[in-house]
Amino acid sequence: YYIDYGMALIQCENYDEALIQFDKAILDKENKIVRQNNKLAHRGKGIAYFNAAQYQLAVNEFETAYKISEFNDLDIDILFYLGDAQTKLLDNKGALETYSKILKRKPGQSVAYYKRAIIEGNLEQLDQSIADFDKAISYEKDNYEYYFGKYAILVQQGDVDGANEVLSKALAIKTKTKEDYYNVARIHYYQQDYNTAKSELTQAVVDGFASASFYL
């Protein structure tokens with residue numbers, strides 16, 4: 001009850017009260033049920049701290065939750081939260097290790113490849129970053145963000161032709177949603193086709209994509 005109540009309070013953005021409820025669920029006893037509840041409660045506290053932008057406290061809770069062996073089907077979820085909190089703290093080496101741990105435990109996680117690629121870019125490990133972006137794209141070929149990430153690394157390397165080739169491949173994705181059309185506008189912006197981009201970005205603002213104003 002306390003754990004479910006705490007998770008509901010997180011949805012209401014009442015993080016302080018959520019933490020109180022999770023603390024009520026944590027017991028200092030050694031049995032399977034208690035360990036299961038403790039794992040859920042520490043995970044909940046980590047999410048509450050993360051959403052409240054208290055990232056070091058979030059890291060502490062996620063690490064505690066991960067060390068509990070019960071409910072190991074939650075471990076990947078906990079590791080993603082941990083990696084995101086480490087990224088917020090600019091702990092690039094810690095985040096790199098966490099995302100690598102995810103991929104070792106469960107290969108084929110396109111999001112983990114994507115997030116690790118960003119960290120590798122931050123660490124100037126550009127070749128590894130490109131390789132991970134390629135891995136992410138191989139698992140999810142219609143995700144524009146993966147292409148934009150690889151494009152940025154190639155620009156950082158000074159590979160203009162390679163960067164333009166990535167944009168061309170992204171432009172070949174079949175557009176289905178308003179978000180897709182917004183991403184096409186971003187591609188035209190990066191290709192310096194500003195007249196086309198201006199019209200598309202203006203429509204994207206109307207469609208509710210506030211960040212399109214940045215590109216305008």
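Some observations on this one:
- Any chance G108 is assigned to a loop (DSSP other than H, G, I, E, B), open to solvent by less than 60 Å² (accessible area, probe 1.4 Å) and either in contact with a strand residue (DSSP E or B) (Cβ under 9 Å, 6 or more places away or on another chain) or not β-branched (V, I, T) (or both): yes
- Where helices (runs of 4 or more DSSP H) sit wholly within segment 117-194, those with at least 3 residues that are farther than 17 Å from A212 by Cα occupy 126-139, 144-157, 160-171.
- Restricting attention to segment 185-195 and to residues that are open to solvent by less than 50 Å² (accessible area, probe 1.4 Å) and not aliphatic (A, V, I, L, M), the residue that is nearest to the chain's Cα centre (by Cα) turns out to be R186.
To keep it simple, each residue is scored yes or no on (1) surrounded by 14 or more Cβ atoms within 10 Å (Cβ to Cβ); (2) hydrophobic (A, V, I, L, M, F, W, C); (3) under 23 Å from T87 (Cα atoms); (4) modelled with pLDDT under 95.
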position	(1), (2), (3), (4)
Y15	yes, no, yes, no
A18	yes, yes, no, no
I26	yes, yes, no, no
N37	yes, no, no, no
G46	yes, no, yes, no
A53	no, yes, yes, no
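- Y182 vs. criteria aromatic (F, W, Y) and either farther than 16 Å from S110 by Cβ or surrounded by fewer than 17 Cβ atoms within 10 Å (Cβ to Cβ) (or both): yes
- Filtering L96, L154, L167, L90 for residues that are crowded, with 16+ Cβ neighbours inside 10 Å and either among the acidic types (D, E) or under 30 Å from N38 (Cα atoms) (or both) leaves a single hit, L96.
- Qualifying residue in segment 205-214 (condition: assigned to a loop (DSSP other than H, G, I, E, B), modelled with pLDDT of 95 or more and of a type in the set (A, V, I, L, M, F, W, C)): yes
- Tally, over segment 55-87, of residues that are crowded, with 24+ Cβ neighbours inside 10 Å, farther than 16 Å from Q109 by Cβ and not hydrophobic (A, V, I, L, M, F, W, C): 2
- Only residues that are in contact (Cβ under 8 Å) with a residue 12 or more places away in the chain and of a type in the set (K, R) were counted in segment 41-75, giving 2.
- Within segment 191-216, residues that are within 24 Å of D161 (Cα to Cα) sit with their Cβ atoms under 9 Å from residues that are in a loop (DSSP other than H, G, I, E, B) and not aliphatic (A, V, I, L, M), at 6+ positions apart or across chains, in these pairs: A197/Q191.
The values are calculated or read from the model by the stated rules, or taken from the named source; none is laboratory data. A quick note: this is a predicted structure, and the numbers were derived from the prediction, not measured. Virtual Cβ from ideal backbone geometry, glycine too; neighbours counted across all protein chains shown. For the accessible areas, the whole protein counts, side chains as well, though only heavy atoms, and no ligand, DNA or RNA atoms are used. Shrake-Rupley method; radii C 1.70, N 1.55, O 1.52, S 1.80 Å.
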